[in-house]
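In what follows, a single structure is set out as structure tokens and then discussed.
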Amino acid sequence: MSKSYVNLLDLASGNFPTMEGKRRRFPRVNTAPGNLSDVDDDQARSVSSDQPSSIASDRMIIVANQLPVKAKRREDNKGWIFSWNEDALLLHLKDGLPEDMEVLYVGSLKVSVDPREQDDVSQVLLDKFRCVPTFLPPDILSKFYDGFCKRHLWPLFHYMLPFSADQGGRFDRSLWEAYISANKLFFQKVVELINPDEDYVWIHDYHLMVLPTFLRRRFNRVRIGFFLHSPFPSSEIYSTLTVREEILKALLNSDVIGFHTFDYARHFLTCCSRMLGLAYQSKRGYLGLEFYGRTIRIKIMPVGVHMDWIESVMKVADEESKMAELKQKFQGKTMLLGVDDTDIFKGINLKLLAMEQMLKQHPRWQGKAVLVQILNPARGKGIDFEEILAEIQESCRRINEQFGRPGYEPIILIDRAVSINERICYYNIAECVVVTAVRDGMNLTPYEYVVCRQGITGSKSCSNFDGPKKSMLVVSEFIGCSPSLSGAIRINPWNVETTGEAMNVAISMLDSEKELRHEKHYRYVSTHDVAYWSRSFLQDMQRACADHFKRRCWGIGFGFGFRVVALDPNFRKLSLDAIISAYRGAQTRAILLDYDGTVMPQNSIDKSPSQKVISIMNTLCTDPKNTVFIVTGRGRESLSKWFSPCQRLGIAAEHGYFLRWSQNQEWEICRQGFEFGWMKIVEPVMQLYTESTDGSSIETKESALVWQYRDADPGFGSSQAKEMLDHLKSVLANEPVAVKKGQFIVEVKPQEVSKGHVAEKIFSSMAENGKHADFVLCIGDDRSDEDMFEIFDNAMLRSILSPNPSVFACTVGQKPSKATYYLDDTTEVINMLECLSEAFDSLPPVEEGCESSP
């Protein structure tokens with residue numbers, strides 16, 4: 001098993017070691033070409049077939065840290081007994097999937113299986129449960145689960161920072177390495193099963209956040225969904241994680257990323273914005289992140305409970321004596337109930353203190369109100385477990401000594417595993433459920449309680465089932481289910497006084513009010529169950545992956561910088577062979593170039609053109625067949641100064657408001673008669689936002705005003721830009737101007753001034769002089785350049801270009817665009833222009849140093 005271990009440095013460099021040895025094959029094995037040992041080879045081996053397979057129908061492969069299976073050793077110690085874990089959420093989500101969709105599970109077992117038994121156990125689980133176990137070596141398991149997951153990710157995702165070594169410790173790279181190795185072992189099991197053209201892979205929770213990168217690296221078009229069952233922290237908290245960008249980039253190799261609440265999704269999107277520079281958009285009801293041509297859907301959907309299973313357990317519980325026993329025990333008492341895992345974020349001690357406060361402030365409940373607190377066993381070796389348990393027991397002892405009396409204890413602590421049957425009995429007789437978690441992902445306890453209080457028809461033991469249905473909830477505002485329970489009393493668990501008062505209000509409320517609140521909750525819980533959740537998530541996966549096989553995909557990058565670029569089949573890299581061939585064969589050429597981001601890098605501090613750019617422009621302008629223009633939003637004064645050595649270069653400044661064909665000609669104005677009184681309206685508005693937005697500034701041009709926020713806080717700057725956009729559109733509604741938002745700018749300029757208009761004007765002027773361009777090269781990098789790219793069909797229809805021109809509309813960067821071609825960066829643009837400047841008819845097709853792109 002140690003051969004499966006992966007060194008972090010190998011991952012970072014992209015050099016994945018080959019897996020050795022033979023592995024068993026499962027039914028419907030991987031249909032991709034190549035051997036299993038190839039799974040870690042370079043991305044050139046990635047599966048990216050152009051047509052989907054028709055071998056079998058869709059399947060769902062559910063990958064989680066633990067399988068929904070219980071395992072125990074036989075009494076004779078010879079083999080294992082396996083059964084479904086009915087309490088597991090993953091087991092029930094298949095109810096929302098199509099009946100004909102096969103579901104397989106990949107995950108680990110809670111027990112340790114001897115390596116000699118692993119093959120037999122795997123076969124039994126596959127044959128009887130459709131489960132594929134992942135066996136983690138003990139050294140990796142300890143560092144992966146108890147180490148990185150429980151001591152780094154879990155506290156951080158619950159807003160706890162490691163201020164000291166005893167609060168989670170500092171970042172330990174060996175734990176991160178083990179986390180990667182464990183994710184790789186899960187990946188290997190998925191590879192043994194998957195048909196990448198047909199299957200869906202649904203990954204669950206923070207244990208497997210880098211798994212999407214392994215899968216996407218191997219199968220470019222595999223359909224991947226990821227759902228985070230824990231909270232996602234704010235960017236201020238998440239940014240403290242040493243491997244923050246690696247995890248974000250790994251998650252972005254999914255097609256759909258799901259969260260319980262909008263808050264968690266918003267935090268994730270903010271992290272992507274601040275750390276990766278990605279902006280999200282709302283598209284027809286869903287949030288989408290554009291990432292190298294792929295749109296990652298952000299799904300916001302709280303998980304639900306399994307209604308049929310709970311009702312079936314209720315029938316069993318109704319027939320047992322435990323229900324009657326508890327009713328007798330708590331007769332004449334008002335029970336409040338808490339059901340929590342034993343960890344530091346459940347706020348259990350805060351709940352006990354709130355109970356104490358209620359008994360102090362409302363003495364009438366002394367002797368009557370009872371808080372039953374069930375402590376589920378901890379799921380792992382969490383932080384400060386012993387201290388938290390000791391604190392709970394001490395508070396319980398103290399409060400019982402203060403308010404207890406013979407036959408009455410205000411707090412009953414159940415510190416053991418409680419079966420679902422017994423838990424349902426407590427739900428049925430509890431007047432109120434109290435959840436005081438200081439941070440929690442979802443917490444289904446309130447949902448289960450509401451379903452149980454609704455009851456079942458024909459119940460024998462529970463009187464609540466026969467009369468009106470009622471229930472009350474006191475829930476922390478910091479848990480995932482809180483937004484969906486609008487009838488609950490929401491509390492800040494840190495405020496013990498208000499929590500105690502909320503508990504008093506809940507149990508003192510009129511029955512009619514309790515019934516109305518219960519009815520509202522039950523209507524939501526019963527219609528938004530686990531089947532609804534999984535069905536909705538699958539539908540989002542289907543929508544997100546609908547065009548997987550319609551786009552060209554290829555992988556780039558190394559280690560966790562790997563990502564897949566997905567582009568329209570007609571959008572391709574500009575080939576030097578093709579453009580040089582067309583260039584040589586043309587008689588009249590038009591070359592239109594943006595400046596910033598095209599021939600000048602965006603991050604350059606000195607914005608003046610290099611001597612190399614000046615030389616290339618001069619060479620291109622020297623050819624009498626060429627008409628060369630710089631088309632930019634910059635002002636004419638700086639452009640005139642920078643390009644003064646280029647006598648024959650045309651300049652279209654301020655998006656074409658000013659136009660000059662060569663240095664010895666006068667500037668033309670787009671349209672005479674423009675009034676600029678609107679500037680007096682715009683400038684005070686922009687000044688107001690500049691004063692309140694640190695890092696922003698105003699650029700005043702002759703024809704436009706531009707508000708720039710490139711150096712401001714990304715989130716606040718974008719928010720201010722949106723508000724300014726609405727503000728300006730409102731106050732300028734009757735003015736002949738256009739208000740547009742660009743890349744870190746808001747610009748106000750005269751209507752009918754755009755790069756598209758000036759490009760048409762250039763082509764028309766050329767045509768009037770008998771020069772119908774049969775070669776057009778148009779390059780730009782931002783939204784304003786898209787106006788140029790979309791005019792070519794119209795230009796040909798109006799006969800201002802030659803009948804069959806060679807048009808090369810090219811954007812800079814691999815991103816969605818109206819252009820047909822792209823080049824990666826300004827270096828490639830300058831290299832291509834240099835090759836054109838040297839491409840004389842007498843020379844061979846491609847010069848040395850100007851090799852065509854692959």
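Do you know which of the residues in the stretch 190-199 that are open to solvent by less than 10 Å² (accessible area, probe 1.4 Å) and either of a type outside the set (A, V, I, L, M) or touching a Pro at 6+ places or on another chain (Cβ under 8 Å) (or both) is farthest from R535 (Cα to Cα)?
So, considering only residues that are open to solvent by less than 10 Å² (accessible area, probe 1.4 Å) and either of a type outside the set (A, V, I, L, M) or touching a Pro at 6+ places or on another chain (Cβ under 8 Å) (or both), the one farthest from R535 (Cα to Cα) is E192.
In the stretch 248-263, how many residues are within 11 Å of L228 (Cβ to Cβ) and either open to solvent by 10 Å² or more (accessible area, probe 1.4 Å) or of a type in the set (G, A, S) (or both)?
Number satisfying all stated conditions: 3.
Residues to consider are R364, R398; find the one that is open to solvent by 80 Å² or more (accessible area, probe 1.4 Å), under 17 Å from N504 (Cα atoms) and assigned to a helix (DSSP H, G or I).
Every option except R364 fails the conditions.
If you scan the stretch 677-715, which residues turn out to be open to solvent by 60 Å² or more (accessible area, probe 1.4 Å) and outside any strand (DSSP E or B)?
K680, I681, E683, P684, Q687, L688, E691, S692, D694, E702, R710, D711
In the stretch 336-351, which residues are outside any loop (DSSP other than H, G, I, E, B) and more than 20 Å from Y427 (Cβ to Cβ)?
Answer for the stretch 336-351, where residues must be outside any loop (DSSP other than H, G, I, E, B) and more than 20 Å from Y427 (Cβ to Cβ): N349, L350.
Any residue at all in the stretch 313-326 that is more than 30 Å from Y408 (Cβ to Cβ) and not charged (D, E, K, R)?
yes
What number of residues within the stretch 624-653 satisfy the criterion of being of a type outside the set (A, V, I, L, M, F, W, C), touching a strand residue (DSSP E or B) at 6+ places or on another chain (Cβ under 8 Å) and not in a loop (DSSP other than H, G, I, E, B)?
Number satisfying all stated conditions: 5.
Regarding the stretch 786-803, can at least one residue be identified that is outside any helix (DSSP H, G or I), open to solvent by less than 50 Å² (accessible area, probe 1.4 Å) and under 23 Å from G635 (Cα atoms)?
No, the stretch 786-803 contains no residue that is outside any helix (DSSP H, G or I), open to solvent by less than 50 Å² (accessible area, probe 1.4 Å) and under 23 Å from G635 (Cα atoms).
Can we say T622 is under 20 Å from I830 (Cα atoms), surrounded by fewer than 16 Cβ atoms within 10 Å (Cβ to Cβ) and among the β-branched types (V, I, T)?
Yes; evaluated as a whole, the condition is true for this residue.
When only residues in the stretch 171-184 that are hydrophobic (A, V, I, L, M, F, W, C) and open to solvent by 10 Å² or more (accessible area, probe 1.4 Å) count, which is nearest to C131 (Cα to Cα)?
Among residues in the stretch 171-184 that are hydrophobic (A, V, I, L, M, F, W, C) and open to solvent by 10 Å² or more (accessible area, probe 1.4 Å), the one nearest to C131 (Cα to Cα) is L175.
So the check is Cβ under 8 Å with 6+ separation or different chains; which pairs have a first residue in the stretch 410-431 that's touching a residue at least 60 places away in the same chain (Cβ under 8 Å) and a second one that's among the small types (G, A, S)?
Taking only residues 6 or more apart or on different chains, the pairs are N421/A317; E422/A317; I424/A317; C425/A317; N428/A317; N428/G455; E431/A506.
Can you confirm whether the stretch 289-308 contains a residue that is farther than 30 Å from N603 by Cα, part of a helix (DSSP H, G or I), at pLDDT below 85 and open to solvent by less than 30 Å² (accessible area, probe 1.4 Å)?
No; the residues of the stretch 289-308 include none that is farther than 30 Å from N603 by Cα, part of a helix (DSSP H, G or I), at pLDDT below 85 and open to solvent by less than 30 Å² (accessible area, probe 1.4 Å).
Would you please name the residue that is modelled with the lowest pLDDT, looking only at residues in the stretch 432-441 that are open to solvent by less than 10 Å² (accessible area, probe 1.4 Å) and in a loop (DSSP other than H, G, I, E, B)?
G441
If R216 satisfies all but one of (1) crowded, with 23+ Cβ neighbours inside 10 Å; (2) without any contact (Cβ under 8 Å) to a residue 60 or more places away in the chain; (3) among the charged types (D, E, K, R), what's the number of the condition it fails?
Answer for R216: the failing condition is (2).
Right, R634: within 42 Å of the chain's Cα centre (by Cα), within 17 Å of S754 (Cα to Cα), open to solvent by 50 Å² or more (accessible area, probe 1.4 Å) and in contact (Cβ under 8 Å) with a residue 12 or more places away in the chain or not? Let's see the steps before the verdict.
On the way: within 42 Å of the chain's Cα centre (by Cα): yes; within 17 Å of S754 (Cα to Cα): yes; open to solvent by 50 Å² or more (accessible area, probe 1.4 Å): yes; in contact (Cβ under 8 Å) with a residue 12 or more places away in the chain: yes.
The answer is yes for R634.
Which of the residues belonging to the stretch 716-731 are open to solvent by 10 Å² or more (accessible area, probe 1.4 Å), in contact with a strand residue (DSSP E or B) (Cβ under 7 Å, 6 or more places away or on another chain) and more than 21 Å from Y280 (Cα to Cα)?
K729
Just to check your reading of the model, which residue among K150, K128, K143 is over 13 Å from H207 (Cα atoms) and either assigned to a helix (DSSP H, G or I) or within 27 Å of the chain's Cα centre (by Cα) (or both)?
Numbers: K150 fails: over 13 Å from H207 (Cα atoms); K143 fails: over 13 Å from H207 (Cα atoms).
Just a single option satisfies the conditions, and that option is K128.
So how many residues does the stretch 766-794 have that are out of contact with any Ser or Thr (no Cβ under 8 Å at 6 or more places or on another chain), more than 30 Å from G717 (Cα to Cα) and in contact (Cβ under 8 Å) with a residue 24 or more places away in the chain?
Result for the stretch 766-794: 4.
Evaluate the stretch 731-738: report whether one residue or more is outside any helix (DSSP H, G or I), within 30 Å of W667 (Cα to Cα), of a type outside the set (G, A, S) and free of Cβ contacts under 8 Å to residues at least 12 places away in the same chain.
Yes: the stretch 731-738 contains one or more residues that are outside any helix (DSSP H, G or I), within 30 Å of W667 (Cα to Cα), of a type outside the set (G, A, S) and free of Cβ contacts under 8 Å to residues at least 12 places away in the same chain.
From R130, R151, which residue is open to solvent by 30 Å² or more (accessible area, probe 1.4 Å), touching a Gly at 6+ places or on another chain (Cβ under 7 Å) and not hydroxyl-bearing (S, T, Y)?
One residue alone meets the criteria, R151.
Would you confirm whether or not the stretch 16-39 contains a residue that is within 27 Å of the chain's Cα centre (by Cα) and either of a type outside the set (A, V, I, L, M, F, W, C) or at pLDDT 50 or above (or both)?
Looking for residues that are within 27 Å of the chain's Cα centre (by Cα) and either of a type outside the set (A, V, I, L, M, F, W, C) or at pLDDT 50 or above (or both), one finds none in the stretch 16-39, hence no.
Here's the yes/no breakdown for (1) outside any helix (DSSP H, G or I); (2) open to solvent by less than 20 Å² (accessible area, probe 1.4 Å):
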| site | (1), (2) |
| --- | --- |
| G487 | yes, yes |
| W494 | yes, no |
| E501 | no, no |
| N504 | no, yes |
| R523 | no, no |
| W533 | no, yes |
| L538 | no, yes |
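In the list P155, P162, which residue meets the criterion of being within 24 Å of D440 (Cα to Cα), assigned to a loop (DSSP other than H, G, I, E, B) and not hydrophobic (A, V, I, L, M, F, W, C)?
P162
The values are calculated or read from the model by the stated rules, or taken from the named source; none is laboratory data. All figures in this text were calculated on a predicted structure; none of them were measured in a lab. Note: ideal-geometry Cβ built from the backbone for every residue, glycine included; neighbour counts use all protein chains shown. Protein only, heavy atoms only, side chains kept; ligands, DNA and RNA dropped before computing areas. Shrake-Rupley method; radii C 1.70, N 1.55, O 1.52, S 1.80 Å.
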